[in-house]
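Have a look at the structure below before the remarks.
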Amino acid sequence: MPIRLLPEEIASRIAAGEVVERPASVVKELVENSLDAHADRIEVETRDGGKSLIRVQDNGAGIAAAEVEIAFRRHATSKLENVEDLHRVATLGFRGEALASIASVSRITCTTRYTDETVGTRLRLEGGKIVHRGTTGRPPGTEMTIQDLFYNTPARRKFLHTDRTERRHIDGFLTRYAIAYPGVAFQVMHDGRETLRTPGNDDAREALLAVYGMDLGSNLLTIPTELTAEQPIKVGGFVGPTTVHRANRGYITLIINGRWVQDLRITYAIIQAYHTLLPTKRYPVAFVTVDLPPEEVDVNVHPAKTEVRFRDGDQVFRAVQRAVRATVVSEAPATAAWEPPRSSTSDATQTTRARLAGLKPATGQQFSFSQATGEQTSDSQGGGNAATDGTTTKGLDVRTTKSGATFESRLPPLRIVGQVATTFIVTEGPDGLYLIDQHAAHERVLYEQLLSHWSEGSIPSQPLLEPVTVTLPADEADRLEELLPTLSNLGLEVEVFGPGTFIVRALPAHLNGTAPQDLLADIASSEIGDSPIREDLEERMVRHICKRAAVKAGQVLSREEMEGLVHDLEKALNPRTCPHGRPTILQISLAQLTSQFERR
Ligand code: ADP
Ligand code: MG
């Protein structure tokens, strides 16, 4: 298809938003273009974390001389023809915005030769304006060189992280695509040093080894293609045996129709497939590919195309869970290697119930509160959860609620009624009254937001308008100093300022509004620094930070604040418990209300 400007009716339906956030987004868009052009060799080179140079070179189809200029126009694409195509996108790109966006914030040189033409074209743009056009000799394929990213948007340049962090994001993307596309030989150089090279011989295991190394790579199990051979949803890839696990979800990758996407629910399907097979609080290593007909998945959801919407999400959930489970149990010892995790919440639930038992109806008879139907924390999935009215079926089936609907760990939409005792939010849902503990709920929301960024590589930090200095006693200062590298991974930028004194320059972006003094003092005085395992340390630190930053009981919340919090909680993966396992939400069903008021 020729490259052309999308008609307004299609352009207006493309998910709007900024594509180019950081060097890794540039690399992603360029590499996706190379893959769409059917390249089987892709070379990526960067300098200074991509800030001063990004070069992506491919041996794909190239761009015809007559189309090079239009390729840099907004909404110019060769990948969509009509509106219907938007519902069955089979290419990685389709928005026609990447080259235009990248060109507008950098100096870009494109040299390309279309397969059927004898000479190539060279086009240079600065800040989106063409400054040079010429011809050049070169083999078929395309080379894009991006210099000085964000040179003309200093505000955005300022928000870039260290070279190392930016490089980590670039590698995070490239390593995944290198495994997802084993037929493509990837070669990656950062500051003149080669960091990744795959053979491109179509052998996925070899690509996996090139990325993960012998130790981990050779341990992973292949999900047999026969498992889903007959089905419209094909599941493939690699999963760790039960002996391999990690402290966070960072080693779970999901590739949907050749695209690396974030999908909490399908990620959860993978975690759940290991139910009872891994120690508590440990997560599997998995690289799972899902292929399904393009019309079954909407990729036009997110500007950077990192999220998708399934036509039938439950079906995808089940297919993934079954395939992963079958692969894992075929290798697992006959009896579960680990005891099923016990519910960590029962004590807390009892306490809360006892506390709430004070709210009695006039008869003196006590309401029986039940923790709203749902899932425990991800690390104690379903383990002996007596408070759940969903039934747990053995084996691969997802849990179902009494009504037989597919189990949903998420919350139903809730309507705010008000706040009680400046501690609880009263809401109404499809089956009665739902009481939310504002502190526990906020902790959960912050925790998931931080973890999801953390598992992607880094937690975005937000510079303080005015850096704050904090002075601590020597021993605490010492402890804090040791924790500084960990803190910076978590988006907390703290430097030593003098003996016992620190300067806080930035907080995790989700936590603005938290007093940095309290946060630091709290971290320095806690025991959390004492774990030798880095990942554990970071995860515990995240929990700790959330506890500190969450709204407290006793804080008056405006209606907007309550709505925001409840809305965020509805979106959480495990909305029903706080990161420490206490319930966030209690339900009094309509049936309970009816019977208590003797309206039978
Ligand atoms: P999209 O990928 O959404 O179509 P882009 O702005 O990324 O939009 O690219 C615009 C067009 O330029 C593409 O549709 C494609 O035709 C062409 N193009 C970009 N990069 C390459 C490449 N590496 N090889 C061949 N064609 C390319
Ligand atoms: Mg593109």
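Since every read-out is calculated from the coordinates, none of them should be taken as a lab result. Bear in mind that the values here come from a model prediction, so they are computed numbers and not experimental data. Cβ placement follows ideal geometry from the backbone for every residue including glycine, while neighbour counts extend to all protein chains displayed.
For the stretch 109-171, just say rounded, prolate or oblate: build the C-alpha gyration tensor, square-root its eigenvalues into a ≥ b ≥ c, call rounded for a/c under 1.5, and beyond that prolate if a/b exceeds b/c, oblate if not.
Oblate.
Classify the stretch 27-127 from the C-alpha gyration tensor, please: rounded if a/c falls under 1.5, else prolate or oblate depending on whether a/b exceeds b/c. Each step should come with its number before you reach the end.
Details: a/c = 1.43, a/b = 1.28, b/c = 1.12.
It comes out rounded by the Cα gyration axes.
Quick check: residue separation of GLU560 and ASN152 times 0.36 nm, minus the Cα distance between them. What number comes out in nm?
In short, 143.2 nm is gained.
Could you order the peptides 161-172, 191-202 from most to least packed, using the average number of other C-beta atoms within 10 Å per residue?
161-172, 191-202
What value in Å³ per residue do you get for the convex hull of the alpha-carbon atoms in the stretch 556-599?
In the stretch 556-599, the Cα convex hull volume per residue is 127 Å³.
Would you tally the net charge around VAL468, using a Cβ to Cβ cut-off of less than 12 Å, leaving VAL468 out, and scoring K and R as +1, D and E as -1?
Once all neighbours under 12 Å are counted, the net charge is -3.
Using a cut-off of under 20 Å, list every residue of the stretch 429-445 whose amide N is near the label point 7 Å from the Cα of PHE597 along the Cα-to-beta-carbon line.
429-436
Which entries of LYS281/LYS305; LYS158/LYS305; LYS281/LYS547 show an alpha-carbon separation above 20 angstrom in the structure shown?
Working: LYS281/LYS305 30 Å; LYS158/LYS305 25 Å; LYS281/LYS547 18 Å.
Exceeds cut-off: LYS281/LYS305; LYS158/LYS305.
What full-extension length gain, to one decimal in nm, is calculated for THR222 and GLU466 as 0.36 nm per residue of separation minus the Cα-Cα distance?
82.7 nm
For the stretch 247-323, take the convex hull of the Cα atoms, compute a quarter of its surface area, and give me that in nm², please.
Orientation-averaged projected area of the Cα hull: 5.1 nm².
Suppose R0 equals 41 Å. What FRET efficiency, 1/(1 + (r/R0)^6) with r the Cβ-Cβ distance, do THR118 and ASN300 give to the nearest 0.05?
For THR118 and ASN300, the calculated efficiency is 0.65.
Pulled fully out, how much extra length does the chain show between MET214 and ALA421, if you take 0.36 nm times their separation in residues and subtract their Cα-Cα distance?
Once the chain is fully extended between MET214 and ALA421, it gains 68.8 nm.
Taking all pairs of distinct Cα atoms, average 1/r, flip it, and tell me the Kirkwood hydrodynamic radius of the stretch 1-75 in Å to one decimal place.
Working: mean 1/r = 0.0709 Å⁻¹.
When all Cα pairs of the stretch 1-75 are included, the Kirkwood radius is 14.1 Å.
How many percent of Cα pairs in the stretch 79-235 exceed 23 Å?
Numbers: 7341 of 12246 pairs.
Every Cα pair in the stretch 79-235 considered, those over 23 Å come to 60 percent.
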